[in-house]
Amino acid sequence: QVQLVQSGGEVRKPGSSVKVSCKASGGTFNNYGFSWVRQAPGQGLEWMGGVFVLFGTTTYAQKFQGRVTISADASTTTTYMELRSLTFDDTAVYYCARERMAGIYAPWGQGTLVTVSS
Amino acid sequence: DIQLTQSPSSLSASVGDSVTLTCRASQSVTKFLNWYQHKPGAAPRLLIYGPHTLEIGVPARFSGSGSGTEFTLTISGLQPEDFATYYCQESDSPSFGGGTKVEIK
């Protein structure tokens, strides 16, 4: 059974960057895509982007283009999401999710709270 | 990108009630329309994909239907563990609806 375990919560200052990791275990890694989705306080789910591990190809939501990098390391079965130029609006819980097929996400990681505070 | 609008944004219901949640798309959905359950402090959980295929392990009281621009998620006989927020999601964009929060009356 596939499990995704994310890194712990982070506190960052405005203008800085954060990198969150998501380690997959219990299944194959290379044949899947992994996406990152965030939930700001009181808001809904927002897709940020994803990576298809086999080819290393990435796609990003237009809103985050140029500010986010999503990557995957097959040797450690870990995906990463780096978000730069943080603002207070980036305070959110960030989730990774495996793309089982064609934009269907299961399972999900437990979430990582990123707090942007001065 | 397809915009998804969920209604109602919240509802109150009792254990045993049946409820229907709606998801409307700004244009016809050509790939998959999926539903997720999200509880506070927990990871979102895939319930239904396609839009009517039940994920393994999801109780049969959950059902999904629809096509084109209108989709529904029905919970037949609410259980205490079903009180949560439900999101529809379209596979192509892939965008999420704003969610419907199901609360205990």
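Read the figures in this text as sums done on the coordinates, not as results from a lab. Model, not experiment: these values are computed from the prediction. Heads up, the Cβs are rebuilt from the backbone with ideal geometry, glycines too, and the neighbour counts pull from every protein chain shown.
Remarks
- Ordered by the count of other Cβ atoms within 10 Å of each Cβ, fewest first, A:MET81, A:MET48 give A:MET48, A:MET81.
- Order of A:GLU99, B:GLU90 - criterion: other Cβ atoms within 10 Å of each residue's Cβ, fewest first: A:GLU99, B:GLU90
- Under a model in which nothing but the beta-carbon of Lys, Arg (+1) and Asp, Glu (-1) is charged, the protein assembly as shown shows a dipole of about 340 debye around its Cα centre.
- Legend: distances between Cα atoms for A:LYS23/B:LYS39; A:LYS19/B:LYS101; A:LYS63/B:LYS101; A:LYS19/B:LYS105; pairs beyond 29 Å are A:LYS19/B:LYS101; A:LYS19/B:LYS105.
- Among B:ILE75, B:CYS88, B:LEU54 - extreme Cα towards positive end, dipole of region B:44-102, charges at beta-carbon: B:ILE75
- Spacing of the two label points (7 Å from each Cα toward its C-beta) at B:SER76 and A:THR57, in nm: 4.1 nm
- Rh by Kirkwood over Cα pairs, then Stokes-Einstein D for chain A at 0.890 mPa s and 25 °C, µm²/s: 174 µm²/s
- The charge dipole of region A:1-99, taken about the Cα centre with unit charges on the Cβ atoms of Lys, Arg (+1) and Asp, Glu (-1), comes to about 140 debye, rounded to the nearest 20.
- Computed FRET value (nearest 0.05) for A:ALA74 with B:ASP92, which takes r as the C-beta separation and R₀ as 30 Å: 0.70
- The slack between A:ARG100 and A:ASN31, meaning 0.36 nm per residue of separation minus the straight C-alpha distance, is 23.9 nm.
- For region A:91-118 and region A:47-90, distance of Cα centres in Å: 11 Å
- Region B:1-63: proportion of alpha-carbon pairs further apart than 13 angstrom, %: 72 percent
- For region A:19-68, chymotrypsin sites (Phe, Trp or Tyr not before Pro) meeting the loop criterion (DSSP other than H, G, I, E, B) and having at most 14 other Cβ atoms within 10 Å: A:PHE55.
- Here the residues B:SER76, B:SER67, ranked from fewest to most Cβ neighbours within 10 Å of their Cβ, fall in the order B:SER67, B:SER76.
- Put simply, the convex hull of the Cα atoms in region B:33-105 casts, on average, a shadow of 5.2 nm².
- Shielding of A:35-43 by partner chains, average beta-carbon count, 10 Å: 2
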